[in-house]
There are 2 protein chains.
Amino acid sequence: MATPIESPETPTAAEAGVTDDPEAVTPPTDDLSADERALLVENLRFVLDGRWRSTRDTVRENADRADLLPDPSRTLDEARARMLEEMRELAQNGFAAAGFATDHGGTGDIGASITAIEMLGYADLSLMVKSGVQWGLFGGAVENLGTARHHDRYVTDIINLDLLGCFAMTETGHGSNVQALETTATYDPATQEFVIDSPSPSARKDYIGGAGQHATVAAVFAQLITAGPGEEPSSRGVHCFVVPIRDADGNDLPGVTTSDCGYKGGLAGVDNGRIMFDQVRVPAENLLNRYADVEADGTYTSPIENPNRRFFTMLGTLIRGRISVAATAGAAGRKALTLATRYGLIRKQFEAPDATDEIVVMDYIAHQRKLLPLIAKSYAIACAQNELTSELHEVQSAAPDDSDAGRQRQLESDAAGIKAYATWHASNTINVCREACGGAGYLDENQLSIMRGDIDVFTTFEGDNTVLTQLVGKELLSAYSDDVQGLTTAGWVRFVVGMARDVVVEKTAVRQVVQTLLEGSDEDTEKSNLTNRGTQIRLFRNRENHLIRTCAQRLRVALDDGNDAFKVFNNAQDHLLKAGQAHTERVVLESFIQAINDCDSRSAAELLGKVCDLFVYSALEDDMAWFLMHRQVSVERAKAVRRGVNELCQELRPHARSLVDAFGVPEKLLAAPMLEHA
Amino acid sequence: MATPIESPETPTAAEAGVTDDPEAVTPPTDDLSADERALLVENLRFVLDGRWRSTRDTVRENADRADLLPDPSRTLDEARARMLEEMRELAQNGFAAAGFATDHGGTGDIGASITAIEMLGYADLSLMVKSGVQWGLFGGAVENLGTARHHDRYVTDIINLDLLGCFAMTETGHGSNVQALETTATYDPATQEFVIDSPSPSARKDYIGGAGQHATVAAVFAQLITAGPGEEPSSRGVHCFVVPIRDADGNDLPGVTTSDCGYKGGLAGVDNGRIMFDQVRVPAENLLNRYADVEADGTYTSPIENPNRRFFTMLGTLIRGRISVAATAGAAGRKALTLATRYGLIRKQFEAPDATDEIVVMDYIAHQRKLLPLIAKSYAIACAQNELTSELHEVQSAAPDDSDAGRQRQLESDAAGIKAYATWHASNTINVCREACGGAGYLDENQLSIMRGDIDVFTTFEGDNTVLTQLVGKELLSAYSDDVQGLTTAGWVRFVVGMARDVVVEKTAVRQVVQTLLEGSDEDTEKSNLTNRGTQIRLFRNRENHLIRTCAQRLRVALDDGNDAFKVFNNAQDHLLKAGQAHTERVVLESFIQAINDCDSRSAAELLGKVCDLFVYSALEDDMAWFLMHRQVSVERAKAVRRGVNELCQELRPHARSLVDAFGVPEKLLAAPMLEHA
């Protein structure tokens, strides 16, 4: 690494000499007493911690250990072995039981389970991912797609780590398009077995966490092929099967060929691998048969008649992994911001006007503009994430008879949108934090560089962010209609075009606090103050509605003009993605407003109000071209937004430390030599 | 790594069925014959390769070896040893001679030297950085700050690697602010030695490439303290000294304590380290004394009287490192785009309308929008970089008597601006490319994840990008005046405010092609077609001029209102940064236009014209809020720009492969299993 050469701008103290102006540099701390500050931090944390705050505190207490941090000196084998060791420790402490129903051997607190996994993100993202694979994805498949015979046989062993599994969905040729998976599971009535097979190189299971080394069994997604009496064998779509892949000594079982994905951009502790199946036979009972079964004679049965609905119902139960990934990305971003903000508060560069010292870099507006809007957005996302986790808990805790398909659908869409929004934010945040810490940020001893490598793939796994954002947009345009599930892109376009004109359905009821704020604000957003919360909501809602409406119009006009439906779709793809993003940002804002509304502490609520303003102003600034182009904001107001971001940064600057302290990252997980001598 | 779950949008072939529309999906290849395409690629490459194309071809030929690629399985020690081995091979082939003057033992072709180092970026960024430290930074310090006694003694050994050096400028406490370095070099007339000392922990030399392990000598930047007869000892500012740090066995010399920076976010082959000096004595002749000297009795002399000018003159000679880093970042971005584009052209996902296969992801407009604007910007930057390298060559090849201070100053500013612009672009590009390749992109075997780690610190070293961008802005506002060198920030504000009103000085003459294009376009940009090159230049120039003028006004008004000068500066910092960015983007555009103008091939020039349009449209789109807010672009035109980006992406889609092939990355350096079976 070469050395920075300085820019010719060094201020010398003598020339600046303005010691008499206390506002020259924003004071490094706010004017609260230590006690007041501690209480404020506690109140902020109460808001951020949400419903499962006691789970958070338990993990904080147990995870406040520097030995949980990634150690870059470990070899790949050592890193993986260490991760398994840490998981065994978690298992011994009953970490995983919450994710499984009480009558399966768990304690049945899904929200606590997600929250606990999220908190692992403060320690080591490899630990979170490997735990998420075992207990969330593999365990979740058995729990949610299996029936009593699977629960009885597997769940306790999964919780205790007596059975190590992996989640073999993605193939080399198919990631986003799961319905097109090539692996086959062909029923053989003669032996009452399924024959698992990889018919081509692109059918190879790929990137599978745990398949590289530790997993002895895989939840394999494959096309179920069977024939009832008198039928021709045919595929009934993708189903999930429990398939042993290794013996106790780690050797591949007959017909199974595993290989290792090797070195990656991060997540050194996760043993990703590949699996090829050559006519591997498993007993019929290994089909996870909650939603479909095959009788001894090969007859296929399912309580869900429509194959698309069946497929999406099965996938929908696996939403937990996606929500965990979003939650953990949030935690990682908050940790990075804590490290970078603390460094920015002690790192000095260039002489201060009062000549006695240099300026703390956090006092430069450019540095504030780097970090504070990201902190504000992290607050907003944390609140939305808490709501999402809570909604997942409610939906998946409901008795089967009480299941609500519409609510499930909405949850899936929100999970997709927030996963994309939160992981892009986290990846960007960690990048910015690394750069804000200069050369120190690049040293693994200060953690940010490791986190940067680890977080990268969060934008890809559990659903590519672009594909997920598009899903949100599509759901909005087709108003969450059940009828579009399984439609082709072209079919979807025709459906949307055929819908009633200008339909914009709000599937969930507008929450009370939003309704009240909307009623208290002027419909003409230009007539009301931009700090008015109702006006802020209106701007976000108007954008979303406008994008959905005009996207639908665009599709209609293009199709009416006789264009090919796929081409029509493709030409509007960027529009559709933008609609999806705008929707999620609105959802995030309203969650944040709800959390502030529910905050009992006046001083915390007041500070959170400023944070919310900064979130809104930054979001408006980032998308100002759109607001101006669509005359949703005037030029004068646009300039006010730009000024407003600067002013809010300066207002929040004295609270920077409090704002990141409230994230509650355990102190020992913030170990970084750069914070000892900047 | 968990597995992506699909979004419910799978198109089935049956529903789409539109095989009769050849435009439904943009054809994967253009309609040129293989020969025509090859010639087009060759002509494009001729433009991109620039003046030192023969150097590029030589390196291409020699570096087309997969064994030069980084190998993530190497331990830190192995990676470093391998890098040294590769450097020794380079040295044996005379790689480094071009960077040094013929009468010092080199071959004196600075442009070739920079270009050769840039080309190493296609192989391994660690190799480029370690080579850059040895030959560019350490060698460059000896070459440019030393005199005959140093050239005679060191240069041949530096070229041959018989002397391994490092460049010890940055300290733990000071990176951007070099003038405030704490290390001291105190002259002792009794022994005619300098005493090198690190007076505090923050004076420790830090992040120094080579200091971790291999370097036996350091070019140490330190405050020179001396006293002539009858004077009190005082600091004469930062100077550079050759200081041995290790013996031949690698042990620290007496008084020297080195330590290792250890694991980093990338650049595994570079041994970054730290150095503390405890009263280390070196002979007086070890002062690199081209710009200042100390006589035996301690009298300080310099041909440059003004201490600030002396300091910045010394620093200015070291510009080569910054230009190499910018050039290499460009190469890295081009390699990433080549990998991602090739993958995008074979990776398929979701069924195509004609039912026979799935759609190549590059046919989705969202994917085109990810990659093609980055390709366009890479073209523009490559052209600007070639001009910058050429200008460096001219300035540093000029006889000392012909040196032109104004031209040097302009070069430094351009180097700062393009370094920031190019490295941010490269970092962003590699991020996007990784994500565009999904899970495959995260595997080190496909290179992008390694490149992502390596490129990260390019935005920091050789000058923090924010500080560099600010430097450009400051130079613009003070019209490159010599008088501002060494002024404090506050002093600079006062200088700018005191200048003639609305001064916007174009220091370099407007180049002929730009002048002609400007004359051929309407002054009212709205009245002329947006593909008019003169209009494009006007838009970029108007933005730059407006930002400079209004920033100066803003400073003036704020200072007139009696505000503290530092606060005035700080409040306008984001405005100043934007002015710097706008300037660099305009410079890049004009370089690109020049290169297209000079292109002999009509078909290549025509395609480059589209690429230039996409660069311009994307840049306008990225900054559209500004153009709208300042009424430089109408709402209607803004919408046309957005549509235009989509249209240009679709027009360039058939040429995607040609455009990246023209980068001329050696085939064996593009080894990536993902390209064998997508």
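The values are calculated or read from the model by the stated rules, or taken from the named source; none is laboratory data. As the structure is a prediction and not an experimental result, all values here were calculated from the model. With ideal geometry, Cβ positions are generated from the backbone for all residues, glycine too; neighbour counts draw on all protein chains shown.
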Task: Qualifying residue in segment B:629-642 (condition: within 9 Å of chain A (Cβ to nearest Cβ), in contact (Cβ under 8 Å) with a residue 60 or more places away in the chain, more than 25 Å from the chain's Cα centre (by Cα) and surrounded by 18 or more Cβ atoms within 10 Å (Cβ to Cβ)) - done: no
- [ ] Considering each residue of segment B:265-294, count those that are within 30 Å of the chain's Cα centre (by Cα), part of a loop (DSSP other than H, G, I, E, B) and of a type outside the set (Gly, Ala, Ser), and give that number.
- [x] 7
Task: Pairs with Cβ under 6 Å, 6+ apart, first in segment A:70-83 and touching a residue at least 60 places away in the same chain (Cβ under 8 Å) and farther than 15 Å from A:Ser449 by Cβ, second in a helix (DSSP H, G or I) and hydrophobic (A, V, I, L, M, F, W, C) - done: A:Met83/A:Leu127
TODO: Return a yes/no flag: does segment A:383-404 have any residue that is out of contact with any helix residue (DSSP H, G or I) (no Cβ under 8 Å at 6 or more places or on another chain), modelled with pLDDT under 95, surrounded by fewer than 20 Cβ atoms within 10 Å (Cβ to Cβ) and closer than 22 Å to A:Thr584 by Cβ.
DONE: no
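Quick check: anything in segment A:392-414 in contact (Cβ under 8 Å) with a residue 24 or more places away in the chain, over 26 Å from A:Ala112 (Cα atoms) and under 23 Å from the mean Cα position of the chain (by Cα)? Give the steps one after another, and end with the answer.
First pass over segment A:392-414, keeping only residues in contact (Cβ under 8 Å) with a residue 24 or more places away in the chain: A:392-393, A:396-397, A:405-406, A:408-414.
From what is left, the residues that are over 26 Å from A:Ala112 (Cα atoms) are none.
Within segment A:392-414, not a single residue is in contact (Cβ under 8 Å) with a residue 24 or more places away in the chain, over 26 Å from A:Ala112 (Cα atoms) and under 23 Å from the mean Cα position of the chain (by Cα).
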- [ ] Tell me, yes or no, whether segment B:311-325 has at least one residue that is surrounded by fewer than 24 Cβ atoms within 10 Å (Cβ to Cβ) and without any contact (Cβ under 8 Å) to a residue 40 or more places away in the chain.
- [x] yes
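Check A:Asp414, A:Asp454, A:Asp444 and return the single one that is in contact with a helix residue (DSSP H, G or I) (Cβ under 9 Å, 6 or more places away or on another chain), surrounded by fewer than 24 Cβ atoms within 10 Å (Cβ to Cβ), among the acidic types (Asp, Glu) and outside the structural domain of A:Glu143 (by TED's automatic domain parsing).
On the way: A:Asp414 fails: surrounded by fewer than 24 Cβ atoms within 10 Å (Cβ to Cβ); A:Asp454 fails: surrounded by fewer than 24 Cβ atoms within 10 Å (Cβ to Cβ).
When all the criteria are applied, what remains is A:Asp444.
Quick one: which of A:Cys612, A:Cys599 is surrounded by fewer than 21 Cβ atoms within 10 Å (Cβ to Cβ) and more than 14 Å from chain B (Cβ to nearest Cβ)?
A:Cys599 is the lone residue from the list that is surrounded by fewer than 21 Cβ atoms within 10 Å (Cβ to Cβ) and more than 14 Å from chain B (Cβ to nearest Cβ).
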Task: Tabulated pairs, segment A:198-211, first among the acidic types (Asp, Glu), second surrounded by fewer than 24 Cβ atoms within 10 Å (Cβ to Cβ) and in a strand (DSSP E or B), C-beta under 7 angstrom, 6+ apart or interchain - done: A:Asp206/A:Arg274
TODO: State which residue pairs qualify: first residue acidic (Asp, Glu) and inside segment B:55-66, second residue buried (at least 17 other Cβ atoms within 10 Å of the Cβ) in any location, beta carbons under 9 Å apart, and separation of 6 or more residues or different chains.
DONE: B:Asp57/B:Asp49; B:Asp57/B:Gly664; B:Glu61/B:Pro666; B:Asp64/B:Pro666; B:Asp64/B:Leu669
- [ ] May I ask you to say which residue of A:Asp464, A:Asp482 is loosely packed, with under 15 Cβ neighbours inside 10 Å and within 11 Å of chain B (Cβ to nearest Cβ)?
- [x] A:Asp482
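Working carefully through the options A:Val472, A:Val513, A:Val497, find the one that is crowded, with 24+ Cβ neighbours inside 10 Å and outside the structural domain of A:His367 (by TED's automatic domain parsing). Walk me through it before giving the result.
Working: A:Val513 fails: crowded, with 24+ Cβ neighbours inside 10 Å; A:Val497 fails: crowded, with 24+ Cβ neighbours inside 10 Å.
Of A:Val472, A:Val513, A:Val497, the one residue that is crowded, with 24+ Cβ neighbours inside 10 Å and outside the structural domain of A:His367 (by TED's automatic domain parsing) is A:Val472.
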Task: Residue that is at positive phi and either touching a Leu at 6+ places or on another chain (Cβ under 7 Å) or in a loop (DSSP other than H, G, I, E, B) (or both), where the choices are A:Gly344, A:Gly321, A:Gly298 - done: A:Gly298
- [ ] Output the residues belonging to segment B:322-350 that are within 17 Å of B:Met119 (Cα to Cα), within 14 Å of another protein chain (Cβ to nearest Cβ) and in contact with a Ser or Thr (Cβ under 8 Å, 6 or more places away or on another chain).
- [x] B:Ile323, B:Val325, B:Ala326, B:Ala327, B:Ala329, B:Ala336
- [ ] Only residues that are small (Gly, Ala, Ser), over 19 Å from B:Arg642 (Cα atoms) and in a loop (DSSP other than H, G, I, E, B): list them for segment B:513-541, please.
- [x] B:Gly520, B:Ser521
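How do the strands (runs of 3 or more DSSP E) wholly within segment B:177-262 filter down when requiring 1 or more residues that are charged (D, E, K, R) and surrounded by fewer than 23 Cβ atoms within 10 Å (Cβ to Cβ): which remain?
On the way: elements: B:184-188, B:193-197, B:205-209, B:217-226, B:234-244, B:256-260.
By residue number, B:184-188, B:193-197, B:234-244, B:256-260.
Yes or no: B:Thr299 surrounded by 18 or more Cβ atoms within 10 Å (Cβ to Cβ), touching a residue at least 12 places away in the same chain (Cβ under 8 Å) and of a type in the set (S, T, N, Q)?
Values: surrounded by 18 or more Cβ atoms within 10 Å (Cβ to Cβ): no; touching a residue at least 12 places away in the same chain (Cβ under 8 Å): yes; of a type in the set (S, T, N, Q): yes.
Against the criterion (surrounded by 18 or more Cβ atoms within 10 Å (Cβ to Cβ), touching a residue at least 12 places away in the same chain (Cβ under 8 Å) and of a type in the set (S, T, N, Q)), B:Thr299 does not qualify.
Grab the helices (runs of 4 or more DSSP H) fully contained in segment B:595-678, keeping just those with 1 or more residues being among the hydroxyl-bearing types (Ser, Thr, Tyr).
Working: elements: B:602-622, B:624-629, B:635-652, B:656-661.
Filter on segment B:595-678 gives B:602-622, B:656-661.
Taking the criterion of being modelled with pLDDT of 95 or more and within 11 Å of another protein chain (Cβ to nearest Cβ), would at least one residue in segment A:665-675 satisfy it? Don't jump to the end; show me each part of the working.
So the first thing to find is which residues in segment A:665-675 are modelled with pLDDT of 95 or more, and the list is A:665-675.
Add one more test, that the residue is within 11 Å of another protein chain (Cβ to nearest Cβ), and what stays is A:673-674.
Yes, there is a match, as at least one residue in segment A:665-675 is modelled with pLDDT of 95 or more and within 11 Å of another protein chain (Cβ to nearest Cβ).
For segment B:243-264, state whether one or more residues are under 31 Å from the mean Cα position of the chain (by Cα), away from chain A (no Cβ under 12 Å) and of a type outside the set (A, V, I, L, M).
Initially, segment B:243-264 is screened for residues under 31 Å from the mean Cα position of the chain (by Cα), giving B:243-245, B:258-264.
Retained after the next criterion (residues that are away from chain A (no Cβ under 12 Å)): B:243-245, B:258.
When the remaining residues are screened for being of a type outside the set (A, V, I, L, M), the result is B:244, B:258.
Yes: segment B:243-264 contains one or more residues that are under 31 Å from the mean Cα position of the chain (by Cα), away from chain A (no Cβ under 12 Å) and of a type outside the set (A, V, I, L, M).
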TODO: Tell me which residues, restricted to segment B:646-669, are among the hydrophobic types (A, V, I, L, M, F, W, C) and touching a Ser or Thr at 6+ places or on another chain (Cβ under 6 Å).
DONE: B:Ala656, B:Val660, B:Phe663, B:Val665
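Determine, yes or no, whether B:Leu487 is touching a helix residue (DSSP H, G or I) at 6+ places or on another chain (Cβ under 9 Å) and modelled with pLDDT of 95 or more. Quick ask: steps written out before the conclusion?
Working: touching a helix residue (DSSP H, G or I) at 6+ places or on another chain (Cβ under 9 Å): yes; modelled with pLDDT of 95 or more: no.
So B:Leu487 does not fit the description; no.
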TODO: Keeping to segment B:126-166, report how many residues are more than 21 Å from B:Ser397 (Cα to Cα), charged (D, E, K, R), in a helix (DSSP H, G or I) and away from chain A (no Cβ under 14 Å).
DONE: 2
Open item on the list: Step by step: first the residues of segment B:45-89, then only those that are more than 14 Å from chain A (Cβ to nearest Cβ) and among the basic types (Lys, Arg), then the one that is surrounded by the most Cβ atoms within 10 Å (Cβ to Cβ). Which residue is that?
Closed with: B:Arg56
Task: B:Ala604 being within 13 Å of chain A (Cβ to nearest Cβ) and either surrounded by 17 or more Cβ atoms within 10 Å (Cβ to Cβ) or under 30 Å from A:Thr550 (Cα atoms) (or both) - done: no
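Could you check, for segment A:651-663, whether at least one of its residues is within 13 Å of another protein chain (Cβ to nearest Cβ), of a type outside the set (Phe, Trp, Tyr) and closer than 30 Å to B:Asn177 by Cβ? Give the steps one after another, and end with the answer.
Initially, segment A:651-663 is screened for residues within 13 Å of another protein chain (Cβ to nearest Cβ), giving A:653.
From what is left, the residues that are of a type outside the set (Phe, Trp, Tyr) are A:653.
Within this subset, residues satisfying the condition of being closer than 30 Å to B:Asn177 by Cβ are A:653.
Yes: one or more hits.
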